[in-house]
Structure formats: structure tokens, C-alpha cells
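Below is one structure, written out as C-alpha cells; the observations come after it.
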Amino acid sequence: MPHPPVELTVHSAQPYNAEPPRTALADRDLTPLEAFYHRNHAPETPSPDPARWTLRVDGMVERPATFSLGALRERFRGHTEVVTLQCAGNRRAGLAEVADLPGETPWGPGAVGTARWSGVRLADVLREVGVEAGATDVELTGADVTEEPGAPEPYAVSVPLEKALAPEVLLAWSMNGEPLPVAHGAPIRVVVPGWIGARSVKWLERVTVADRPSDGHYQAVAYRLLPADASPARGRGVPLGPIAVNADVLAPADGAEVPPGPTRVTGYALAGGDRTVVRVDVSTDDGRTWREADLDPQASRWSWRLWHAELDLPPGTTRVVARAWDSAAGVQPADPAEVWNPKGYVNNSWARVTLHAI
Ligand code: MTE
């Protein structure tokens, strides 16, 4: 079925934060560029000149170096991965229904998307400069300057050295076969498969090898999971890294009217980290009974797993519930109240949509 043009829900214009409706994500391995969510923290989107752009690699390395775009392309072997990015704040609106989340963007379920990313491996660049003994983390700094912490500072986060050296972590210049759009981080962004979107730094300018995590705001303060009773202002929380198992029903749309009888319901599931999706269940009686959905072939090890199920809908209103299981036997919790936290991250409670069969 052809997809209609996509209208994004814009949460804020500066910084630009916007998400597609679920149906724009449905039934496709790759999310088209116009349907890919935007998550920014700085009011101004940088637009580095690719001809003058350079990447500085420094810190605990034997040979600090600066690479132009041309040098990256010439010196290192190209690599492509299909990877799903998901913001840690995806589905926050469901948590805000449990209790207020003041000052946090009320993301619906669209802060997730899958693209084919091409570039070079961060590991190859790190090997070229030689990582010194004792290094544990790699800080990634973008060109955008954020105001959130009070004093302006560049967007900077880090990943453990072990993940930075993993073959799937990319410095990407292309998205779905197109040049990487400025809005998604051109000329180069990092793509950290399996980890929360916040670690996939856009407009990358600097890679710094260190013996501790970044003390940038978005590593040291934000994107941390606080216990439900902690104060967001004071608690330090647990840094978010690998994504928790999650799933959604993408079509038919929530609230759709469909004919009674056999109805094809489709969605995605995402395991996160090094885990894989092993099973998706759907229920039409609020989780009292379940049936297994069919899993579609996966586009890549690092992409979401699309799934589908034929449901026989009686006339009237039915709530369709879905939950995924990962290869570590992790399964989604039933209720957003179980996972509520003061900054509204990682809502991976069961997916729910309401269908009206008339
Ligand atoms: N990189 C920079 N430089 N600045 C940012 O604000 N946002 C992060 C990450 N990388 C961000 C960034 C977050 S929270 C997410 S979820 C993803 O980028 C979103 O990527 P997208 O806008 O291309 O979808």
C-alpha cells in the first residue's frame, strides 16, 4: 500500500524536536528520511562546511590526529549497517500520564527509526591513532552548543572504549543511500547500534580517548535513570546505554476504524544492546491470554524486527496489546507505572492501540 506524505508532530522548533506518526514507520525495513524523527538539544542547528570540516582525535592516544572528510574516505575502508536509532525519551507521554514530567519533551511512540548508514568504522580510526593503555571511554563531541545546563557547552557524551571498538560503530556520512542530511548530523555523525540515540553524536568534531566517562551534561546529568523517588535536580542516577527491549503496534493506527473480522496488525520490536528479539506476543484481552506474532526477516543484526499477526476482531472496540521478548529472556513490563522515573526515560511497557471494528 502506498504511504501518504508524512506530517511530523513538532514538539519544539528551537531546538527542533519532531516525530512521525506510527503509521509512517509501519511495514518498512527502512524509515524514509522524511519520516525520521529529529531530536536536538541546542537551539541552533550547526551546518559545518564539509570542505573545511575536520575531525580531531586526541586524548589517550599515541598519535593525535586531525582528519578531513577526504582523509576519512581515503584512509579507511567503507562500511554499511542497517541500524535502528531510538531515543531514550521515546514513549515518554505514556509515563507523563502516570505522573507529571515537568520540562521534558512529551514524546509519543515515533522517536524511533531505522536507516542504512554508511561511513567508516570508529574502531579503524582509533586503531590508526593507537589507544594508550589504561583508556576506558571515548568522548564524542558535536559542533552544536547547548544551553540547557546553564553555561553553554558543546553536546558531548561518551561510550565505553569496548563499544567504541566494536565493528558496528560507525562514523557515518550517508543515510539510506543519500548524503547524510544536515539535520541528522552532516557531514559526519556517530552511529552506536543497540544504544540509546543520545550516544549517536551528530555534527561530530572531536573524539577524545580518556580513562573516565565524559563529564558533559548529557552524560553526567541527563540520560540517566533515577529511581522513582529521587529528585531530578539532585540524583545522579544510572547512565543509560544499551536500549531496553521494546515494541509497538504500528498499523492500523491507534483509534482506526476497521471492518470486523480478520485484521492484519503489524509492528516492530527492538531488543537493544547485543540482544536479539526472539518473540513477540499480541493480546486482545489486556494480556490475560496471548498469541505469538510472526516475525519478519530482519534487515540486519542491528535493526528492528518487524512482526505481524492476523487478528479476528469482533464488532466493537478492541484494545490490541503487544510485548516483545529478547534473547536474554527479558520481556516488557505491563504497566508504565512500573517503569516511571523522574526524567521519563525508557518507557518499554506493553504497547497498546485501540481499534474500532464497525
Ligand atoms: N548529537 C548532537 N550533536 N546533538 C544532539 O542534540 N541528540 C541525540 C543524538 N545525537 C543530539 C545528538 C539524541 S538524544 C538522539 S535520540 C539522536 O541524536 C537523534 O538523532 P536524529 O535527530 O538524527 O534522529
(request) Quick one: SER174 ticks every box in (1) under 18 Å from ARG39 (Cβ atoms); (2) of a type in the set (Gly, Ala, Ser); (3) assigned to a strand (DSSP E or B) except a single one, so which number is it? (result) (1)
(request) Show the residue pairs that are 6+ apart or on different chains and have beta-carbon atoms under 9 Å apart, the first residue being within segment 302-314 and outside any strand (DSSP E or B), the second being of a type in the set (Asp, Glu). (result) SER303/ASP29; SER303/GLU81; TRP304/ASP29
(request) Check SER174, SER158, SER118 and return the single one that is away from the ligand (no atom under 12 Å from the Cβ) and touching a Pro at 6+ places or on another chain (Cβ under 8 Å). (result) SER158
(message) I'd like to check something: does segment 143-161 contain any residue that is part of a helix (DSSP H, G or I), touching a residue at least 12 places away in the same chain (Cβ under 8 Å) and open to solvent by 30 Å² or more (accessible area, probe 1.4 Å)?
(response) no
(message) Step by step: first the residues of segment 307-344, then only those that are open to solvent by 40 Å² or more (accessible area, probe 1.4 Å) and hydrophobic (A, V, I, L, M, F, W, C), then the one that is farthest from ALA244 (Cα to Cα). Which residue is that?
(response) ALA337
(message) List the residue pairs whose Cβ atoms are under 6 Å apart, where the first residue sits in segment 215-232 and is farther than 18 Å from GLY197 by Cα and part of a loop (DSSP other than H, G, I, E, B), the second is within 16 Å of the ligand (Cβ to nearest atom) and among the basic types (Lys, Arg), and the two are 6 or more positions apart or on different chains.
(response) PRO232/LYS343
(request) Looking only at segment 30-58, count how many residues are part of a loop (DSSP other than H, G, I, E, B), more than 14 Å from the ligand (Cβ to nearest atom) and in contact with a helix residue (DSSP H, G or I) (Cβ under 6 Å, 6 or more places away or on another chain). (result) 1
(request) Search segment 185-200 for residues being under 16 Å from the mean Cα position of the chain (by Cα) and closer than 13 Å to SER118 by Cβ, and hand back the single one that is nearest to the ligand (Cβ to nearest atom). (result) ARG189
(request) For residues that are within 11 Å of the ligand (Cβ to nearest atom) and not aromatic (Phe, Trp, Tyr), scanning just segment 9-29, find the one that is modelled with the lowest pLDDT. (result) PRO15
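The values are calculated or read from the model by the stated rules, or taken from the named source; none is laboratory data. Quantities reported herein were computed from a predicted structural model and do not represent experimental measurements. FYI the Cβ positions are ideal-geometry reconstructions off the backbone, even for glycines, and counts take in every protein chain you see. Accessible surface is based on the protein model in full, side chains and every heavy atom, while ligands, DNA and RNA are left aside. Shrake-Rupley method; radii C 1.70, N 1.55, O 1.52, S 1.80 Å.
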